[in-house]
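This report concerns only the one structure given below.
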Amino acid sequence: MAAEIWLTFPDGSEHELKDSVSIGRDARNDLVMESAAVSREHAGLTGRKSVPLTAKSLSGADAVLIVTDHDDVDYSMVAKHGRLVLDTRNAMTRAGLAGSHIRKA
């Protein structure tokens, strides 16, 4: 991958996403999730790439998924250009942004 991509969990732990990442409860996975809701070989991520957060990239996406709340994200731009915004961190509400296309997840 050209750029580093990190996955940040609610507990603050971070994991780098490489070209291919396996996720599951089994210790052989790249990312081990110790939860009964996760199977031994739950999922695999391949071919992911980072794109700049721009009005063009937002309007070209089917949906925007907010999985971590960062101070340097322009949430107004996300609200304006995102067709569907799924917010798992309540970032849009904290930024005072609302709309029928913004959903808490």
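Structure notes:
- The chain: calculated mean residue ellipticity at 222 nm from DSSP helix runs of at least 4, using -39500 (n - 2.57): -3500 deg cm²/dmol
- Relative contact order for the chain, counting Cα pairs under 8 Å that sit 6 or more residues apart, in percent: 18
- Between the entries (1) 9.7; (2) 7.4; (3) 6.7, the label attached to mean projected area of the Cα convex hull in nm² calculated for this structure is (2).
- Surrounding net charge for HIS42, when Lys and Arg each add one and Asp and Glu each subtract one, Cβ distance under 15 Å: -1
- Applying 1/(1 + (r/R0)^6) with R0 = 35 Å to the Cβ-Cβ distance of ARG28 and ARG89 gives a FRET efficiency near 0.70.
- Estimated dipole of the chain in Debye, rounded to 20 [Cβ of Lys and Arg +1, of Asp and Glu -1, Cα centre]: 480
- Projected label distance in nm at SER20 and HIS70, using a 7 Å step from Cα toward the beta-carbon: 2.7
- Along segment 69-82 the Karplus relation, 6.51 cos²θ - 1.76 cosθ + 1.60 evaluated at θ = phi - 60°, assigns HN-Hα couplings of 9, 10, 5, 8, 8, 7, 5, 5, 5, 4, 5, 6, 10, x Hz to successive residues, with x for each Gly and Pro.
- Considering only ALA98, ASN29, HIS70, the residue lying farthest towards the positive end of the dipole of the chain is ALA98, judged by Cα position with unit charges set on Cβ.
Bear in mind that the values in this text are calculations on the coordinates, not laboratory data. None of these values were measured; they are calculated from a predicted model. Using ideal geometry, Cβ is built from the backbone for each residue, glycine included, and neighbour counts are taken over all protein chains shown.
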